[in-house]
Amino acid sequence: MKFTFVTLFSNIVEGYFNDSILKRAIEKNLLSITYLDPREFSNNKHSKVDDTAVGGGAGMVMNPQPLFDALDSLRKQDEDVHIVFLTPVAKQFKQNDAKRLAKKTHIAFVSGRYEGIDERVLEKYADEVYSIGDYILTGGELPSLVMCDAISRNVLGVLGNAESLKIESFENELLEAPSFSKPTSFNEIDVPKEYIKGNHSKIRTLKKSLSECKTKFFRPEQFIKHSL
């Protein structure tokens, strides 16, 4: 799986892949990470990539020319690249999207800055457009990393134990049950006794009950879907 980050600030992204699971996945050639800077395609003598908004409004907007040329270049290199734009004005990214996108061979994340990207760029190049939540960030790099991480975990071989994917939150309507580590008693707080006894049937029953409790408390809308 190849990921390309189309960003003005690749240094924000690069450090995330220097440790842990994704670093090992890159070393095993399960993942590949590349970067594309729209400034390198700007026709402006100062490599400018933004301009004032047409129709008024505060802030600057990323203008189309550098992104048109950058994404044309990307598509010429790989016509199968799946181009994703990150913006709060879009449908919300979900676990099922991560699982589906993990089957792609090459995904490019286009990160906006300033007041956003000229809409004509999205109309021409967007295969999909996503938001990671109902809040505003200073740029699309963090949402790109969130999506990349979530997708990568579903690429075969990236996780050491693929079975862990089956019990995680959002694999069904319920949130994942609480997890505990050894020691079984710490600061006079004990792990639930059923977790210790080794009766896997009773453990599954308890975990489902705890999942339902967590979901009802934290995500009541999900609990309603589960109940139905």
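Each reported figure results from applying straightforward, stated rules to the coordinates on display, with no laboratory input. None of the values given here were measured: they were computed from a predicted structure. Here Cβ is always computed from backbone atoms with ideal geometry, including for glycine, and neighbour counts include all displayed protein chains.
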What helix-only [θ] at 222 nm does the chain give? Using -39500 (n - 2.57) per DSSP H run of at least 4, over all residues, to the nearest 500, the answer is -10500 deg cm²/dmol
Short to long, in 5 Å steps from zero, the percent of alpha-carbon pairs of the chain per bin is 1, 6, 12, 14, 15, 13, 11, 10, 7, 5, 3, 2, 1, 0, 0
With R₀ set to 22 angstrom, the calculated FRET efficiency between the beta-carbons of L137 and D80, to the nearest 0.05, is 0.15
In whole percents, the bins of 5 Å from zero upward hold the Cα-Cα pairs of segment 56-112 as 4, 14, 20, 23, 17, 13, 6, 3, 0
Relative contact order in percent for segment 1-159 (Cα pairs under 8 Å, 6+ apart) equals 30 percent
Put in order of increasing Cβ neighbours within 10 Å, starting from the fewest, C213, C148 give C213, C148
With a 31 Å threshold on alpha-carbon distance, the violating pairs from K2/K48; K104/K214; K48/K103; K103/K124; K94/K193; K91/K225 are K104/K214; K48/K103; K94/K193
Computed from every Cα-Cα pair in segment 1-106, P(r) in 10 Å bins starting at 0 and rounded to whole percents is 12, 34, 37, 15, 2
Cα-based Rg and Dmax for segment 169-227, in Å, come out at 12.9, 37
